[in-house]
Amino acid sequence: MTYTTEQIAQNLKAAREAKGLSQRALAKTADVPQSHISKIENGAVDLRLSSLIEIARALDLEVTLVPRKTLPAVQSIVRSSRPSQSANALKAARKEYQKLQKSLTLALQESPAMKEIAQLQRQVRDLQRLQVPLPELDAIREANKTVLAFKNHTKGLEDIRKALADVQKLRNAAVHALPSAESVRPAYSLEDIDHG
């Protein structure tokens, strides 16, 4: 699956979850089989344009082609119209990061020569500064379980390396989702549209 296709699939899944719809409910509304929606969200099938349009409309989205030069303005408007994470969600995220940082500190005290643990600790510190969507916190929880199991000598170095790779992937995705420096402030907003 290409990066663009993967991005579209992730956006569709995020829109579905934001509306509180199950795959089955979306399938019924969009008149697309639930199994096909699952395959689309998991990148197991190429998305047909007709399916994309039906799914998008069921999620109150529209598919449109825009000139490449206007893409930053369009993306800025879309970003500014998304609801931010709730205070409870941010509190839950902070709690998960603190648990993982504590586990990493203890593991590093026991194995100070383990560069992978130190790298993991830096990646988590970077992630704490970024706003990561709640579904992505599962990767943080899994990393914490892996570090605790390593500390208790029930998991090995390969498991730590996998956790590090997963957290690095999450960090990279979060960084790439940030608005670029030149588009921090939207150049346009939905309120700018003249309705007269």
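Bear in mind these aren't lab numbers, they're just calculated from the coordinates by the rules spelled out. Only a predicted model underlies this, so the values are computations on that prediction, with no experimental measurement involved. Here Cβ is always computed from backbone atoms with ideal geometry, including for glycine, and neighbour counts include all displayed protein chains.
For the range 87-177, the Cα gyration tensor yields ellipsoid semi-axes of 22, 13, 11 Å (square root of five times each eigenvalue, largest first, whole Å).
Taking the convex hull of the alpha carbon atoms in the range 6-98, what volume per residue do you get, in Å³? Walk me through the numbers before you get to the answer.
On the way: hull volume 12.2 nm³, N = 93.
Once divided by residue count, the hull of the range 6-98 is 131 Å³.
At a Förster radius of 22 Å, what calculated FRET efficiency corresponds to the Cβ-Cβ distance of Ser50 and Lys28, to the nearest 0.05? E between Ser50 and Lys28, to the nearest 0.05, is 0.80.
Hand me the GluC sites (Glu not before Pro) from the range 1-63 located in a DSSP loop with no more than 14 other Cβ atoms within 10 Å, in residue order please. Working shown, then result.
Numbers: sites: Glu6, Glu17, Glu41, Glu54, Glu62; in loops: Glu62.
Here the sparse-neighbourhood loop sites are Glu62.
Scoring 107-116, 24-33 by mean Cβ neighbours within 10 Å over their residues and listing the highest first yields 24-33, 107-116.
Grab the Cα-Cα distance for Ser38 and Arg125, subtract it from 0.36 nm times how many residues apart they are, and report the gain in nm with one decimal.
On the way: separation 87, 0.36 × 87 = 31.32 nm, distance 3.30 nm.
Once the chain is fully extended between Ser38 and Arg125, it gains 28.0 nm.
Couplings 3J(HN,Hα) of the range 48-53, computed from phi: 6, 4, 4, 5, 4, 5 Hz, in residue order, whole Hz [Karplus 6.51 cos²θ - 1.76 cosθ + 1.60, θ = phi - 60°; x for Gly and Pro].
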